[in-house]
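The structure appears right after this line, and notes come after that.
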Amino acid sequence: TATTAASAHDVPTGILVAGEWRPATGGSTFEVVDPATTELVAQVADGTGEDGLAALTAAHDAAPAWAAVAPRERSELLRACFESIVDRTEELAALITAEGGKPLAESRAEVAYGAEFFRWFAEEAVRAPGLSRTAPAGANRQLVHRRPVGPALLITPWNFPIAMATRKIGPALAAGCPVVIKPAQLTPLTTMAVAEILRAELAARDLPTGVVNVVPTSSAKTVTGPVIGDGRLRKLSFTGSTGVGQVLLGQAADQVLNCSMELGGNAPFVVFADADLDAAVDGAMVAKLRNGGQSCVGANRFLVHRSLASRFAERLAARFAELSVGPGAEGHDVGPLISAAAVDKVDELVTDATDRGARVLAGGSRPEGKGYFYSPTVLADAPADARCVTEEIFGPVAPVVAFDDVDEAFVLANGTQYGLAAYAYTRDVDLAMRAAHEIDAGMIGINRGMVSDASAPFGGVKQSGLGREGGAAGLEEYLETLYVAM
Ligand code: ADP
């Protein structure tokens with residue numbers, strides 16, 4: 001059956017191949033644990049390389065039929081799944097909180113955001129671009145068609161288990177590509193619940209169910225290695241750390257695989273001298289604390305003009321100190337980090353910063369008791385070479401670094417191999433546009449602490465990735481170009 005007694009939530013815990021949920025080859029399972037309580041949420045099938053290849057076979061077999069389904073029908077499937085996800089908001093939000101820890105209110109927001117990718121790509125599915133024209137020399141005509149690239153492997157991270165999945169599945173299905181999804185080991189259940197919604201809707205419409213396959217596993221590379229090495233795979237879309245992205249790009253080179261990569265970030269949040277300080281503090285709360293700081297677009301470093309730096313740090317610290325920290329299911333403001341290792345890393349970065357002279361204005365410790373919690377922390381006078389400034393923190397820690405002039409701010413902002421998101425606060429429109437052009441980032445929020453939107457192109461420059469998800473660009477990632485000269 002789709003559901004086992006091991007799960008308190010009514011979700012599948014098996015592997016989905018060719019429209020059937022089944023156990024892993026060999027029958028192994030792994031545990032999914034609630035980071036707020038360290039208690040078991042579910043036992044999930046532990047996929048193998050054989051399971052990965054079976055999923056690829058199903059996707060490959062479904063590819064011609066799926067590419068032949070009318071764009072309108074693909075669109076309507078996605079639209080129906082959008083409605084279904086929205087109808088099940090409470091159930092899915094509870095699941096996100098159980099396996100990932102984020103506060104319920106944030107989980108509900110993630111369900112809305114995640115569903116939006118299906119609505120958006122339902123709308124984009126019928127708008128694949130094309131061209132017909134006379135060649136400049138006048139001798140012939142040129143037709144340009146866009147075609148589905150083919151079976152796609154989607155590897156997703158644990159921090160936004162619905163949105164990271166729908167952001168890839170939506171455009172892949174809209175474009176006509178079947179998928180194999182390898183969800184994160186720590187949070188596979190939400191993705192599997194979404195896959196079940198898709199499976200049921202495909203079956204109800206008599207569409208090929210092998211279009212959506214899911215292989216959870218505790219050993220990612222055991223599943224992904226053979227799939228990436230197989231010539232039937234035509235697309236790899238990955239969201240995760242830069243280190244793993246580099247390994248995957250290396251593997252993808254052998255088959256010259258089409259790759260989209262959403263990798264790490266180290267977003268600067270720049271507050272210029274003329275900024276509205278209240279607005280900047282409000283924006284910082286969102287940019288830093290979404291999912292407890294565990295977001296690749298989360299503000300990592302706060303670069304604040306020296307004239308505002310201590311006031312900004314003090315106000316932010318006062319706001320942080322008011323937040324309640326505890327299990328996301330109990331209505332707290334800030335939930336747990338994903339794992340014990342994540343808490344250790346955050347603690348290490350805070351100790352490194354204080355050893356180098358930073359001052360703790362709020363937080364700076366692990367609360368007593370069970371669960372993987374860390375107090376929201378503000379570090380004033382953080383030196384620019386502190387590890388929490390140079391590395392991705394992925395936790396609720398806000399280092400504040402003072403700068404003296406605009407050029408110094410840009411140099412500091414760009415002093416990283418990353419270039420995903422950035423934020424800038426200023427009331428000067430010229431300075432805002434300068435920041436947008438001079439800061440190396442794929443996305444910049446101007447007087448806004450949040451950039452994510454299904455209708456906008458999400459992605460990074462430098463070692464933050466390749467390609468864009470969302471917007472019209474998101475569909476293009478799953479299309480290739482056919483040019484006919486006639
Ligand atoms: P995070 O730090 O967000 O966990 P990772 O890059 O470790 O980022 O993980 C993102 C996704 O990549 C997860 O689904 C994880 O299981 C998968 N992953 C991790 N290592 C590998 C690997 N060597 N090959 C393929 N996938 C991997």
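Please treat every number below as a calculation from the coordinates, not as lab data. These figures come from a predicted structure and were not determined experimentally. When we count neighbours, we look across all protein chains shown, and the Cβ atoms used for this are built from the backbone with ideal geometry, even at glycine.
Some observations on this one:
- Panel order for V214, V41, V247, by other beta carbons found within 10 Å of each beta carbon, from fewest to most: V247, V41, V214.
- For the chain, adding -39500 (n - 2.57) for each run of n ≥ 4 DSSP H residues and dividing by the number of residues yields -12500 deg cm²/dmol at 222 nm.
- With contacts taken as Cα pairs under 8 Å at a separation of at least 6 residues, the chain carries a relative contact order of 18 percent.
- Longest DSSP-loop-exposure-free segment, GluC sites (Glu not before Pro), the chain, at most 14 other Cβ within 10 Å: 40-321
- The modelled label-to-label distance for the pair I446/A200, using points 7 Å beyond Cα in the direction of Cβ, is 4.5 nm.
- Taking a ≥ b ≥ c as the square roots of the eigenvalues of the Cα gyration tensor, an a/c ratio of 1.5 or more together with a/b larger than b/c marks region 264-397 as prolate.
- Amide H contacts under 5 Å for L479: V149, restricted to partners 5 or more places along the chain or on a different chain, H placed in the peptide plane at 1.01 Å from N.
- Rounded if a/c under 1.5, otherwise prolate or oblate - region 319-435, Cα gyration tensor axes: prolate
- Normalised contact order of region 208-322, rounded percent, pairs of Cα under 8 Å and 6 or more residues apart: 21 percent
- The chain: C-alpha gyration tensor shape, a/c 1.5 cut-off, then a/b vs b/c: oblate
- Across region 369-383, computed HN-Hα scalar couplings (Karplus, 6.51 cos²θ - 1.76 cosθ + 1.60, θ = phi - 60°) run x, 7, x, 9, 9, 9, 6, x, 10, 10, 10, 8, 6, 6, x Hz from first to last residue, x flagging Gly and Pro.
- Residue exposure sequence - Y113, Y423 - by fewest surrounding Cβ within 10 Å: Y113, Y423
- Trypsin sites (Lys or Arg not before Pro) within region 392-451: DSSP coil, no more than 13 neighbouring Cβ in 10 Å: R427
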